[in-house]
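The values are calculated or read from the model by the stated rules, or taken from the named source; none is laboratory data. Owing to the predicted nature of the structure, the values given are computational and were not obtained by experimental measurement. Note: ideal-geometry Cβ built from the backbone for every residue, glycine included; neighbour counts use all protein chains shown. Protein only, heavy atoms only, side chains kept; ligands, DNA and RNA dropped before computing areas. Shrake-Rupley method; radii C 1.70, N 1.55, O 1.52, S 1.80 Å.
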Amino acid sequence: QVRLVESGGGLVQTGGSLRLSCAASGSTFSIDVMGWYRQAPGKQRELVATITSDRGRTYADFVKGRFTISRDNAKNTVDLQMNSLEPEDTAVYYCKISGLGFNYWGQGTQVTVSS
């Protein structure tokens, strides 16, 4: 079993920045991909960014160079630095980790961007 604890969400004005963090504990030895997803009210959950164990990165098109994902394999953490935030970025952001035969989700952290 793996437990994920997210932090760093909050309220920010348009153009502001937030840094989300996710820490994994438990059976973390076989984690491959770590990532962030988001779900806005009335919309489906969508990928924001992922990073593999060898730090290969994938970003959604809407990120447009504003977000940066990073991870610390020794600490089993994954961060998402979000800059130039827009009201359209308002959503609950979820951390997800994947490995051979498993996926785990965090409980989500709210990000609200005011105009």
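Rounded to the nearest 20 debye, what is the charge dipole size of the chain about its Cα centre when +1 sits on each Lys and Arg Cβ and -1 on each Asp and Glu Cβ?
Numbers: 12 positive and 10 negative charges, 23 e Å.
Computed about the Cα centre, the dipole is about 120 debye.
Computing the accessible area with a 1.4 Å probe over protein heavy atoms, can you report the carbon and sulfur percentage for the chain?
Details: 2910 of 6050 Å².
Accessible surface attributable to carbon and sulfur in the chain totals 48 percent.
Rank S84, G106, S53 by how far each Cα sits towards the positive end of the charge dipole of region 38-115 (+1 on Lys, Arg Cβ; -1 on Asp, Glu Cβ) and give me just the farthest.
Result: S53, furthest along the dipole toward the positive end.
Please give the net charge around D79, taking every other residue with its beta carbon less than 9 angstrom from that of D79, where Lys and Arg add +1 and Asp and Glu add -1. Walk me through the intermediate numbers first.
Working: positive: R19, R71; negative: D72.
Once positives and negatives cancel, what remains is +1.
Rolling a 1.4 angstrom probe over the protein heavy atoms, how many square angstrom per residue are accessible across the chain? Write out the running numbers ahead of the final one.
Numbers: 6050 Å² over 115 residues.
It amounts to 53 Å² per residue over the chain.
Please enumerate, by chain and number, the lysines with C-alpha under 17 Å from the C-alpha of K96, excluding those fewer than 8 residues away in the same chain.
Output for K96: K75.
Under a crude label model (7 Å from the Cα following the beta-carbon direction), how far is A74 from T112 in nanometres?
Modelled inter-label distance: 3.8 nm.
When the chain is fully extended, how far beyond the present Cα-Cα distance does Q39 get from N83, taking 0.36 nm per residue of separation? Spell out each step's value before the answer.
Numbers: separation 44, 0.36 × 44 = 15.84 nm, distance 1.84 nm.
Contour length minus Cα-Cα distance gives 14.0 nm.
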